[in-house]
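For reference, the structure discussed in these notes is given below.
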Number of protein chains: 2
Amino acid sequence: MKVKIARLSGYCFGVKRALELTEAALEKYKNKNVKVYSIGQIIHNRGVIDDLNKKGLIIVENEDQIEPGSVFIVRSHGMSPEFINRIKKKGVKIVDTACPFVKGAQSKAKMLSKRGYHLVIIGNKNHPEVMSEMEHADKKNLTVIESPEDLKTFPRYGKIGVIMQTTQIKENAKSIISGLLDKAKEIRIENTICNVTENKQRITKELAQKADIMLIVGGKNSANTAHLAQISSKFNPDTYHIENYKEIDRKWFNNVSLVGISGGASTPRKDIKEVKEFIEKLK
Amino acid sequence: MKVKIARLSGYCFGVKRALELTEAALEKYKNKNVKVYSIGQIIHNRGVIDDLNKKGLIIVENEDQIEPGSVFIVRSHGMSPEFINRIKKKGVKIVDTACPFVKGAQSKAKMLSKRGYHLVIIGNKNHPEVMSEMEHADKKNLTVIESPEDLKTFPRYGKIGVIMQTTQIKENAKSIISGLLDKAKEIRIENTICNVTENKQRITKELAQKADIMLIVGGKNSANTAHLAQISSKFNPDTYHIENYKEIDRKWFNNVSLVGISGGASTPRKDIKEVKEFIEKLK
């Protein structure tokens, strides 16, 4: 049984940067009696968040829990500019770990809104990245579209501006844009899918076509990991989305000669390595 | 045997207007010894052009043949602004019959070019409308795309602006735009397909699905008529593109209970009526 890890598996540049900035802040303030807060998960991986928690990160539910004079970490998916301004005024220092590609999408959302386009965000309605993009645009003049089905009830507009959640599946974006061509005379598309995401999806698809079984490693709440699992299972029905090696079932490996592994942008390299080592010991 | 003519068959608003303007000019100048010229067919229908010719229209091959002091008819598909300026300077009076929708597409082409987009015109390279749209844009920074196959050799650009020949098939435009999403980060689409064309294509498709045989009436060199024939034959293999009733073959009507007829935007109502009457006499 051979085990192959897809190229580009594990932390992307944006996640790496977010973790480095967070750890540097925790290190800097740990002996100064300054609290370091975040709201929600900085990246979508429980193990990593537990680890940061142990190093002093305080995860709160809402802004009232953030004390003046403390430090606040803006998560990799970005946050609302109004929220950031409010806590700044309270005397909170900001460490902004928002992914530069997400910031790019936010500024495209703002620009399209300002120019009078009805904004369409192709992405998951409840994902923090999409919510942060919505916060940068005119909320009264936007729609989040997850799939071509959503277009059934979508009316016509004078002009439509489109951005995409950075971890979108391009084929899904293409089908939605095809449908949008029936909805407006002018459509301006800003392809804000990040290149790394796109390449990783392609490489995962290629491996899924060759392997007998595919293991996609990463947080169940991680959009980009879920998309890898979705793409992989389209080309390989024996695809399993797991958070770590403990979820592996020995029965999966009957008559298997090639195991493919791919990991999301927020999956630590360590988790992927442990999966590989666990399978190699099965022989 | 029943015969049904598709709604919207025959002259569209733009063609009607072009013919009215041309006939008014011929009427006005016929007794004043002023020559009335055109280059190419004003609309793509031989019978109609022969008729205008008899009424005094002189069709020439190039601008040197146009005498100073004469009148020149700009065809419904539009012409190059440089050409129009040159003959104006020669003292030629212009009667501009260019379709307002084509003019809209020309001005979108110009605007996208000016704003630095690489212009993509979805249409037929050798069609006079597309050529007139090219003349309004930066010719060093544009590509005419006829089908998704053309994208195989199409490079990446910083930003792409898209217009469409007014008589394009929307499904073809959609496939091309899907492919263009791999070619640039920013794409601005101006859907310049005219509404009448789009509705007529839909109505023809619906009739083709019901009828046993379809007759598409209009000039063989008429892009919009050819597109109707293309759409019809996709849904009904017994589709015939004819210019007039003389091309009808009696053998086509064995075991036929419903005959569908549709006509292009440059097809005189008379031609369509003659086809219907000819078939009704076959019984």
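Below is a table of values for the structure above.
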| read-out | value |
| --- | --- |
| Filter result for residue B:159 (without any contact (Cβ under 8 Å) to a residue 60 or more places away in the chain and within 21 Å of residue A:161 (Cα to Cα)) | yes |
| Selection status of residue B:139, farther than 24 Å from residue B:16 by Cα, out of contact with any Asp or Glu (no Cβ under 7 Å at 6 or more places or on another chain) and modelled with pLDDT under 95 | yes |
| Failed item, numbered, when residue B:103 is tested on (1) free of Cβ contacts under 8 Å to residues at least 40 places away in the same chain; (2) touching a strand residue (DSSP E or B) at 6+ places or on another chain (Cβ under 6 Å) | (2) |
| Enumeration of residues in segment B:19-69 that are small (Gly, Ala, Ser) and either open to solvent by less than 50 Å² (accessible area, probe 1.4 Å) or farther than 16 Å from residue B:93 by Cα (or both) | B:25, B:38, B:40, B:47, B:56 |
| Residue within segment B:145-155 that is in contact (Cβ under 8 Å) with a residue 40 or more places away in the chain and either more than 14 Å from chain A (Cβ to nearest Cβ) or within 21 Å of residue A:181 (Cβ to Cβ) (or both) present | no |
| Test: residue A:128 is in contact (Cβ under 8 Å) with a residue 24 or more places away in the chain and open to solvent by less than 50 Å² (accessible area, probe 1.4 Å) | yes |
| Identity of the residue in segment A:178-213, among the polar types (S, T, N, Q) and open to solvent by less than 50 Å² (accessible area, probe 1.4 Å), that ends up farthest from the other protein chains (Cβ to nearest Cβ) | A:204 |
| Residue count for segment A:107-122, restricted to those that are part of a loop (DSSP other than H, G, I, E, B) and either in contact with an Asp or Glu (Cβ under 7 Å, 6 or more places away or on another chain) or surrounded by fewer than 20 Cβ atoms within 10 Å (Cβ to Cβ) (or both) | 2 |
| From B:149, B:133, residue being part of a helix (DSSP H, G or I) and crowded, with 24+ Cβ neighbours inside 10 Å | B:133 |
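The values are calculated or read from the model by the stated rules, or taken from the named source; none is laboratory data. Owing to the predicted nature of the structure, the values given are computational and were not obtained by experimental measurement. Note: ideal-geometry Cβ built from the backbone for every residue, glycine included; neighbour counts use all protein chains shown. Note: accessible area is taken over every heavy atom of the protein model, side chains too, but ligands, DNA and RNA are not part of it. Shrake-Rupley method; radii C 1.70, N 1.55, O 1.52, S 1.80 Å.
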